[in-house]
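Here's the structure, in structure tokens; my notes come after.
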Amino acid sequence: MKTWFFTEDAYPYLPDADSYESIRVNLPNKHYDPDVGADLYHRYLDMWTAADEIGLEIMLNEHHQTATCVVPAAPLMLAILARETKRARLLILGNPIANRNTPVRVAEEMAMVDVLSRGRLECGFVRGVPYESAPANVIAFRGTERLWEAHDLIMKAWTHHEGPFNFEGRFYHMRQVNIWPRPYQQPHPPVWVTIGSAGSGVQVAKHKHVGAVFLAGYNGIRTIFDGYRGGYREAHGTEAPLDRLAYCALIHVGENESRAREGAEKILWYMTSNKVAAQWNNPPGYHPPHVAAMIMKGARGGAGVPLNPQLDDQMARGNVFAGTPDKVFEQIKAFWEYSGGFGHLLMMGQAGFLSYGDTLTSMQLFNDEVYPRLRELTESYDPDRMAHLRNSLPDVEATSLGDLGFAFVR
Amino acid sequence: MSEGKMERITLQGIDLPYVRRGSGRTLLMLHGGGGPVAPMPFAAKLMERFDVVAPIHPGFAGTRIPDRFDNIHDLKFLYLDFIDALEIEDAVLMGFSMGGWTAAEIAVMTTARFSSLVLVDSVGIKPGDRDTRDVADVFATHPAELLKLTWHDTSKAPNVAEMDEDALAAMAGNRIALALYTFDPYMHNPKLPGLLHRIDIPTLLIWGESDGLVTPEYGAAFRDMIPGARMVVIPEAGHAPQAEQPEAFLSEFLAFAS
């Protein structure tokens, strides 16, 4: 199993949440102090470079107009990391290509990073969370269709080497595509796409891309992974390899139980901070009408992140893995077996006010004491044994949408 | 409110439902983002004196959005085919909100089948400069605030809490369709002001005095772009004067169109 250290690069120094309507989209940037922000950027970059030195892979992402993730241009961070790191694979998860109307520019940026890093890029494409529609001024309707057309154009731009080609599709119109540079990795960098439902996994499986699931927990993971696996089997006639699936959870490893809990409570900021106003949660066309209707009625949609999470509850749900190295290994192993297995663990290892020191301690403990056992676990993967295991573990009962929200799609 | 009996016609491969009821001069009514207006009490009154034709824009009231549809112009061309197919003559063309925009787009193409035009709290233009938000951003406004901008008396608004699942889903579907037709450029066609001089039939603009989505000042700017157009403002009405003040609305409409 490959493990990817991830922080959203938050700016957590905010006024009382009661004083603003929403942390996303319309929180005035007067609350952002550039001096503090500069320190934060360097601290986060230091965390990522530490991950490189420790032995973990690196993941970053992108959001807009939000204090939860002050990286509105992830390729810029990626470019720095391409130069400042030596070893780690660099995963951007991802480029919000349903909202960014410049697929060729994305292909160019990613090719540059791939060359700069001498082939360490892993390139993610995402539709984006609902509250990205307003900052992008892009209608959420047909976002999935735009994502796949942009994807096709990018893939062609990466793999076509004989001079300009023509691409005049439903959404994107380019007549002279001939990017320089071309990617370092041939035929192209590995591609990841986030999935949040069984249906969304099928298309990703067809392309043999990695399907990444965020915080679906016990409640949702089987359905989503099974959707991918079924799609893969159907399209390719073989079982999906483990390394085609990824799971992202909040993870904190501590020297002892109380230190671990303390750190994990801090990472929960990722959930507690996500106060989103109703108008950003339900942009027209993001959700199908029946889901949008439920949100209108008052169910929390889109984020699926509870604002008052309890650590034990979130651990029970499989959204948080926290404790001593032994405990964290047990938790991940249990979830891994329940899910049917996956080859990538996306470790949201820092959020909110979790300090640089605590983050590094957690990374180091994970690397030294959890990681080797996870590698053994995946190396010993046997599809038949896994099938037997899965059958012996009953489905966790679905939780009502009212208190959990909807499938978490980045 | 039930739609009543619907007629259907296939145009451009699209199954287009519409209401046709009443007799007299034909009145083509194009609804706004809130969905069909034919089931409302004011429409029943109109059916006593007009041959009311009221299509449902694709995407509204649970209908499908055609794959190739992107904006208001797709709707405009659908209705140009529609009025030809129904052989509408000498008709009154009335549009509400985004339906008013559609009506204006049709009228700048041709007025041959129409004798008069009525725009009700209509969008479609951008009178202000680039820094001015001429039309409230309905997709970026909190639902409670949106209610206040839309209605003079919010107690007359449909109550979401009392709607059943189907009605709610239809409402959510309407919102998606509205966005498809109006999202970008937002609620207007930058080219429209340069074309409105082509409207050569009597035109009336009816506006709710308390419309906070599209203000009466916006209406006045719209009126000034259409040769000879008149405007009447209805007190104690918001974005939907036909719903909030049906009697005043009808009296203004009938004084103009009869």
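The values are calculated or read from the model by the stated rules, or taken from the named source; none is laboratory data. What you see is a predicted model; the values in this text were computed from it and never measured. Cβ coordinates were reconstructed from backbone atoms using ideal geometry, including for glycine residues, and neighbour counts include every protein chain displayed. Keep in mind that these areas ignore ligands, DNA and RNA; they rest on the heavy atoms of the full protein, side chains included. Shrake-Rupley method; radii C 1.70, N 1.55, O 1.52, S 1.80 Å.
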(message) If residue B:156 meets every condition in (1) within 9 Å of another protein chain (Cβ to nearest Cβ); (2) over 21 Å from residue B:100 (Cα atoms); (3) in contact with a helix residue (DSSP H, G or I) (Cβ under 7 Å, 6 or more places away or on another chain) apart from one, which number is that one?
(response) (1)
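Pick out the one residue from A:232, A:247 that is crowded, with 19+ Cβ neighbours inside 10 Å and assigned to a helix (DSSP H, G or I). Steps first, answer last, please.
Details: A:247 fails: assigned to a helix (DSSP H, G or I).
Only one candidate passes the filter, namely A:232.
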(request) For the range A:253-271, enumerate the residues that are within 12 Å of residue A:349 (Cβ to Cβ) and open to solvent by 10 Å² or more (accessible area, probe 1.4 Å). (result) A:266, A:270
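Looking at B:149, B:168, can you tell me which residue is open to solvent by less than 50 Å² (accessible area, probe 1.4 Å), within 13 Å of another protein chain (Cβ to nearest Cβ), in contact with a Leu (Cβ under 6 Å, 6 or more places away or on another chain) and in a helix (DSSP H, G or I)?
Numbers: B:168 fails: in contact with a Leu (Cβ under 6 Å, 6 or more places away or on another chain).
Only one candidate qualifies: B:149.
Return yes when residue B:9 is open to solvent by less than 20 Å² (accessible area, probe 1.4 Å) and modelled with pLDDT of 95 or more and no when it is not. Full working, then the answer.
Working: open to solvent by less than 20 Å² (accessible area, probe 1.4 Å): no; modelled with pLDDT of 95 or more: yes.
No; evaluated as a whole, the condition is false for this residue.
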(message) Could you tell me how many of the residues in the range A:156-179 are open to solvent by 30 Å² or more (accessible area, probe 1.4 Å), within 28 Å of the chain's Cα centre (by Cα) and of a type outside the set (Lys, Arg)?
(response) 2
(request) Answer yes if at least one residue in the range A:291-310 is touching a strand residue (DSSP E or B) at 6+ places or on another chain (Cβ under 9 Å) and assigned to a helix (DSSP H, G or I), and no otherwise. (result) no
(request) Would you be able to say whether some residue in the range A:193-205 is among the hydrophobic types (A, V, I, L, M, F, W, C), over 20 Å from the mean Cα position of the chain (by Cα), more than 15 Å from residue A:96 (Cβ to Cβ) and crowded, with 19+ Cβ neighbours inside 10 Å? (result) no
(message) Under 9 Å between Cβ atoms, which residue pairs at least 6 apart in sequence (or on different chains) link something in the range B:145-156 that is within 27 Å of residue A:280 (Cβ to Cβ) and free of Cβ contacts under 8 Å to residues at least 12 places away in the same chain with a partner that is in a helix (DSSP H, G or I) and of a type in the set (D, E, K, R)?
(response) B:154/B:148
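Of A:21, A:62, A:53, A:84, which residue is without any contact (Cβ under 8 Å) to a residue 40 or more places away in the chain and out of contact with any helix residue (DSSP H, G or I) (no Cβ under 8 Å at 6 or more places or on another chain)?
A:53
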(message) Going through B:44, B:61, B:54 one at a time, which residue ends up being open to solvent by less than 60 Å² (accessible area, probe 1.4 Å) and free of Cβ contacts under 8 Å to residues at least 24 places away in the same chain?
(response) B:44
